[in-house]
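*Asks:* Please find one structure pasted underneath; my questions will follow.
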Amino acid sequence: MAASAEAAAGLSLSDLNLDYESIWVLLVTVAAFLIPVVLVFPPFPPQKSDALLQTHSKAGVGRSESNIRLGARDKPSAASATSADRPPRVRSLVVYPVKSCRGIEVRQGRVLPAGLEFDRIYTFAQLRSRFPVAVEDVDDEKKDGDKGNGDTWDFITQRQFPRLATVKVDLWLPDEAKLRRQGIDHPASDEDAFLILRFPWRDRGWRGALQALGAKLARRSLGAEAEREVLLPVAFSPAAEIAAKGYAYEDVRIWKDTVSALNVEAELPPELRLYLGVSNRLGLFRVDPARLREVYRCAPRRADAGYQPVTGFQDAYPLHILNLPSLRDFSSQVPKDQELQDLDVLRFRPNIIVSGAPAYDEETWKQIRLKPGDSGLFSDAVFHVSCRTVRCKMPNVNQTTGLRHPVEPDKSLRTLRAVDEGAPRMGCLGMQLTPLFGSSGAGGEEVDEEERTSWVGVGMEVVVEERGEHVYIKQ
């Protein structure tokens, strides 16, 4: 027995008919088998968006089909050049479901009294407390100082927290074909749509390393970042869901307006507040379609519009239109440096982007009609051009990186575009719109609620029906 044990202990790789080359071949074979399996079925927890893939499709225009050129230095194409023989046209449409976060480019959009469907239905807000707390404090410490007398919810934008620009937003709409394949037999409705918010985040240590690796494997890209996702419903929550999820109606301040909206902060992971750099308590508010803000100032009156103009979480008016030749002309006069090499149109947060009109011609428009053109639509959309868009410092934020330029284009806007006597020393670029529906203003009759809808699409022709002067009225 002792002899046989010694013989077994003395076996070498050559005795087992194995050598280093054989071991290498074995390892390569195993890796060749495992790598495709890992790529197809990554061994990491699924994201919230993975489940939506079974029943929904992502809305919006893909990057390869986008009509937005990132940069104002691009030369006008044949489709966008100004021509006396061809009316201006709608070049792009953008909705921003969460105020100050990434927008979604679409080909067509439904116009409602409050603006484009899905536009600014959510906004972030911070609790302005009499007892500020540090950003590193845990949530329990923040909630110990729950809202009390004198504490208010104030909306936040990229002006204070430029990293909001890097929070991506995906709109997922129900897909009837996918629903049928899942055995779900009911018509697809936008009421069943969802938003996915995504922001870069990886934990510390080995967990973060695994998250980074998982992102690269899942998206099959070495440049992919680990992200955290937040799932939000598009439809306004019914009373039972509000109670079950711990949502609450609270007042939130938008500039000088205060509106009661639904706070869904229970859906927010604590990492988002840390990522944005918000030191106070962070809330997320869903606008209540039954409690919209009424719009006055430069908007048409009820008797003229046929209904009371309203808006949701937009700054002041339902929609914003921007003329690309105006942006190009302004951009050509803005000093550039290493931090600011382009002024892309998304810095100015437009809903409707047009091309083909002379620079600043839109500042003389008072009412426009968008005709179908080659959009594929079959009806017109009419808008009251209410006033100029008075700019704050938000366009200083790079919409890709979330970094804010210390000076431009704010300085140039105030210097070159202080063109409205109602807003002295303030820069203006773009125009604010109020939608008009049906027989707006005809005999002072009210437009029926079901008629207060229209559609806009890329390729529509812009017909100027009225021109005149604009004087901005402050809030």
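The values are calculated or read from the model by the stated rules, or taken from the named source; none is laboratory data. Here the structure is a predicted model, which is why all the values come from computation and not from measurement. Neighbour counts run over all protein chains shown; Cβ positions are idealised from the backbone, glycine included. Just the protein is used for accessible areas: all its heavy atoms, side chains included, with ligands, DNA and RNA removed. Shrake-Rupley method; radii C 1.70, N 1.55, O 1.52, S 1.80 Å.
*Asks:* List every residue pair whose Cβ atoms lie under 6 Å apart, where the two residues are 6 or more positions apart in sequence or sit on different chains, the first residue falls within the range 108-119 and is over 10 Å from residue 319 (Cα atoms) and of a type in the set (Lys, Arg), and the second residue, located anywhere, is in a loop (DSSP other than H, G, I, E, B) and modelled with pLDDT of 95 or more.
*Replies:* 110/117
*Asks:* May I pose another question? Going by the structure shown, is residue 279 part of a strand (DSSP E or B), on the phi < 0 side of the Ramachandran plot, open to solvent by less than 60 Å² (accessible area, probe 1.4 Å) and in contact (Cβ under 8 Å) with a residue 12 or more places away in the chain?
*Replies:* no
*Asks:* Could you tell me how many of the residues in the range 359-372 are part of a loop (DSSP other than H, G, I, E, B) and more than 20 Å from residue 390 (Cα to Cα)?
*Replies:* The number of residues fulfilling the criteria is 1.
*Asks:* Between residues in the range 340-354 that are in contact (Cβ under 8 Å) with a residue 12 or more places away in the chain and in a loop (DSSP other than H, G, I, E, B) and residues that are open to solvent by 10 Å² or more (accessible area, probe 1.4 Å) and polar (S, T, N, Q), which pairs lie under 7 Å by C-beta distance while being six or more apart or on different chains?
*Replies:* 344/399
*Asks:* Which ones in the range 378-431 are surrounded by fewer than 15 Cβ atoms within 10 Å (Cβ to Cβ) and of a type in the set (S, T, N, Q)?
*Replies:* Selection gives 379, 400, 401, 415.
*Asks:* Also, I was wondering about something else. Residue check: is residue 295 among the β-branched types (Val, Ile, Thr), within 18 Å of residue 160 (Cβ to Cβ) and either buried (at least 17 other Cβ atoms within 10 Å of the Cβ) or without any contact (Cβ under 8 Å) to a residue 12 or more places away in the chain (or both)?
*Replies:* Here the answer is no, as residue 295 does not meet what is asked.
*Asks:* What are the residues in the range 237-273 that are assigned to a strand (DSSP E or B), touching a Ser or Thr at 6+ places or on another chain (Cβ under 9 Å) and charged (D, E, K, R), if any?
*Replies:* Scanning the range 237-273 gives 250, 251, 253.
*Asks:* Take residue 327 and decide whether it is in contact with a Leu (Cβ under 9 Å, 6 or more places away or on another chain) and either assigned to a loop (DSSP other than H, G, I, E, B) or open to solvent by less than 30 Å² (accessible area, probe 1.4 Å) (or both).
*Replies:* Taking the combined requirement at face value, the residue satisfies it.
*Asks:* Next up: So which residues in the range 157-174 are farther than 17 Å from residue 235 by Cβ and either among the aromatic types (Phe, Trp, Tyr) or open to solvent by less than 40 Å² (accessible area, probe 1.4 Å) (or both), if there are any at all?
*Replies:* Of everything in the range 157-174, those that are farther than 17 Å from residue 235 by Cβ and either among the aromatic types (Phe, Trp, Tyr) or open to solvent by less than 40 Å² (accessible area, probe 1.4 Å) (or both) turn out to be 157, 158, 161, 162, 164, 165, 166, 167.
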